[in-house]
Amino acid sequence: MATGTLIYEGKAKKIFTTGHPDEVLQYFKDDATAFNAQKRGTIVEKGIINNKVSERLFRLLEQSGVPTHFVERKSDREMLTKKVAIVPIEVVVRNVVAGSLAKRLGLKEGEAILPPIVEWYYKNDALGDPLIADDHVRLLNLATPEQLVEIKRLALKVNSVLQPFFAERGMILVDFKLEFGLHSGRLILADEISPDTCRFWDQATKESMDKDRFRKDLGKIEEAYHEVLKRVCG
């Protein structure tokens, strides 16, 4: 367990100081939440799985030219990362109609979205992380127009790398959430990429392989997370 000072504790992670002022240590928890933390529970070994999956995907993205906060995985549950100032926007990339998009627009779940769409959500638990438009970003001073353009470019780049990666492993990348932060004035990918932040479907069965199993009480939650780990990390 980390020995630095606890800086922040979120729903899925704890963030600690390190001996380096430019780096922090992320500790991945097994706590699970859904519906803006109205539903709570535990997914056994979730933290270990999300840490290892995130490491694999951050390394892949770095190799593909996407800057990330990843430095190294220190243990099963700990990841050393660059210290960033998080941009308070949750970025959602959608390749297939599912979840809130289907409900919001009356679309049929499972329909492909071509080209993929990018949505902004205001990162504010008290407000329930509402969907926002570019003008709202400007109104709330969450990011500059130039930063929004760069965030969208990077988000679509992440999608172009991850979609074929998962397809080769028999998985459909339905949609996913990203967070970005500023490090030395530069926008880089932060947070995590895992079954907590992505919606995966098995290509053959179309069964959920992510936190939807927890949200919808589908059962076999741990089995799904372990299957993602197996396919992503081998």
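A short reminder: the numbers here are calculations on the coordinates, not readings from a lab. It should be emphasised that the depicted structure is a prediction, and the values quoted were computed from it without experimental measurement. Don't worry about glycine lacking a Cβ; one is built from the backbone with ideal geometry, like all the others, and counts go over all protein chains shown.
Based on other C-beta atoms within 10 Å, arrange ARG186, ARG231 from fewest to most.
ARG186, ARG231
Take ASP135 and LYS230, extend 7 Å from each Cα along the Cα→Cβ direction, and tell me the distance between the two endpoints in nm.
Simple spin-label model gives 5.1 nm for this pair.
Counting other C-beta atoms within 10 Å, which of LEU142, LEU189, LEU131 has the fewest, and how do the rest follow?
Details: LEU142 18, LEU189 26, LEU131 15.
Least to most surrounded, the residues fall as LEU131, LEU142, LEU189.
Under the rule a/c < 1.5 gives rounded, and otherwise a/b versus b/c splits prolate from oblate, where does the range 104-166 land using the Cα gyration tensor?
oblate
Quick one: Debye curve from the C-alpha atoms of the range 171-234, no solvent, what's log10 I(q)/I(0) at q = 0.20, 0.22, 0.30 Å⁻¹?
-0.77, -0.88, -1.33
For TYR225, TYR27, TYR121, TYR8, what's the fewest-to-most ordering of other Cβ within 10 Å of each Cβ?
Fewest-to-most Cβ neighbours within 10 Å comes out as TYR8, TYR121, TYR27, TYR225.
Where a Cα-Cα gap under 16 Å defines reach, which lysines qualify for LYS82, not counting those fewer than 8 residues away within the same chain?
Cross-link targets: LYS13, LYS14, LYS74.
Give me P(r) over the range 6-82, computed from all C-alpha to C-alpha distances, binned every 5 Å, as integer percentages.
3, 16, 23, 22, 19, 12, 5, 1
Using the reciprocal of the averaged 1/r over all distinct C-alpha pairs, how large is the Kirkwood radius of the range 85-233 in Å?
16.2 Å
With the contact rule set at Cα under 8 Å and sequence spacing of 6 or more, what percent relative contact order holds for the chain?
On the way: 431 pairs, mean separation 43.3, N = 234.
Relative contact order of the chain: 18 percent.
So how strong a dipole does the chain carry about its Cα centre when Lys and Arg Cβ are +1 and Asp and Glu Cβ are -1, to the nearest 20 debye?
Approximately 160 debye in magnitude.
What's the FRET efficiency of LEU218 with SER184 using the Cβ-Cβ distance as r and R₀ = 35 Å, to the nearest 0.05?
For R0 = 35 Å, the calculated efficiency reads 0.25.
Report, ordered by chain and residue number, the lysines lying within cross-link reach of LYS152, taken as a straight Cα distance under 18 Å and ignoring same-chain residues fewer than 8 apart.
LYS123, LYS177
About the Cα centre, and with charges only on the beta carbon of Lys, Arg (+1) and Asp, Glu (-1), how big is the dipole of the range 6-82? Nearest 20 debye, please.
My answer is approximately 280 debye.
Express the relative contact order of the range 6-82 as a whole percentage, based on alpha carbon pairs under 8 Å and six or more residues apart in sequence.
Relative contact order of the range 6-82: 27 percent.
Provide the per-residue ³J(HN,Hα) series for the range 120-137, in order, calculated from phi with Karplus coefficients 6.51, -1.76, 1.60 and θ = phi - 60°, each as a whole number of Hz, with x at glycine and proline positions.
So the J values, rounded to whole Hz, are 10, 10, 5, 6, 8, 4, 4, 9, x, 6, x, 5, 9, 9, 3, 5, 5, 4.
Once the piece of chain linking ALA126 and GLN147 is laid out straight, how much longer is it, given 0.36 nm per residue of separation minus the C-alpha distance between them? Each step should come with its number before you reach the end.
Details: separation 21, 0.36 × 21 = 7.56 nm, distance 2.47 nm.
Roughly 5.1 nm would be gained on extension.
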